[in-house]
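Structure, as structure tokens:
Coordinate-derived values only; no laboratory data. No experiment lies behind these values; they were computed from the predicted model shown. No Cβ is skipped: glycine too gets one built from the backbone with ideal geometry, and neighbour counts run over all protein chains shown.
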Amino acid sequence: MIEIFGWVAAAIGVASNLPQLIRILRAKTSAGVSLRLWQISAATTGAWMVHGFLVQKGQMQWPNLLMSVLALVIVVFILRDRKQAIAPQLLLPVVLAASLTGVELLFGAMAFGFVIAVPQLYGQLTQLREMVTAPDLSGVSVGYLAIMLLVQVMWFVFGLFTFDWALIICAGAMSVVCSVNLGVYVVRHLRARSRVALAV
């Protein structure tokens, strides 16, 4: 049963990137979207893919490869929207993914869980900063934020049942930060709607 639960988490995880990609394409803007978050997402999902092969969990292998590709596509759209060079910005995801994989190979899954949590939390915190300071959040997908929270909670539960310390440590911490991000978005969205209502 827990294996099926893991595949459901993986499927939702893959789907989590789609709302943000669709939002950027429809809105034709990356306003309020953190470039750093998506660079880190591309790297960490690549490293989680390798972790999946090392622990022989299919739920973490190909789904994370797909998520890494989707995150890279979002990075490219953000860079094009902001008229920045693409190639130099792809260096961070490649170097970070290789470094994270090196940590797991040298020090094991528990060390990997602690270390991979750092860039993932940093990425989410850059999104939080962007949402707090950006005047416009029209490029941000609330669907992405909600699904990301759901996925992290599901991976935390999967980690508990499969005794995967990397998942327990990282997904547990990510669940907290993703909750804050979703909360900030909802508060800003409600405030914006109330300002529009008052102006009418």
*Could you work out the per residue convex hull volume over the alpha carbons of the stretch 36-125, in cubic angstrom?*
77 Å³
*In sequence order, calculated HN-Hα J values of the stretch 69-78 (Karplus, 6.51, -1.76, 1.60; Hz; x Gly/Pro)*: 5, 4, 5, 5, 4, 5, 4, 4, 5, 4
*Provide 57, 28, 83 in ascending order of the number of other Cβ atoms located within 10 Å of each residue's Cβ, fewest first.*
83, 28, 57
*Which semi-axis lengths, in whole Å and largest first, follow from the square roots of five times the eigenvalues of the Cα gyration tensor of the chain?*
29, 19, 14
*asked:* Could you work out [θ]222 nm for the chain from helices alone, using -39500 (n - 2.57) per DSSP H run of at least four and dividing by all its residues? Round to the nearest 500 deg cm²/dmol.
replied: -29500 deg cm²/dmol
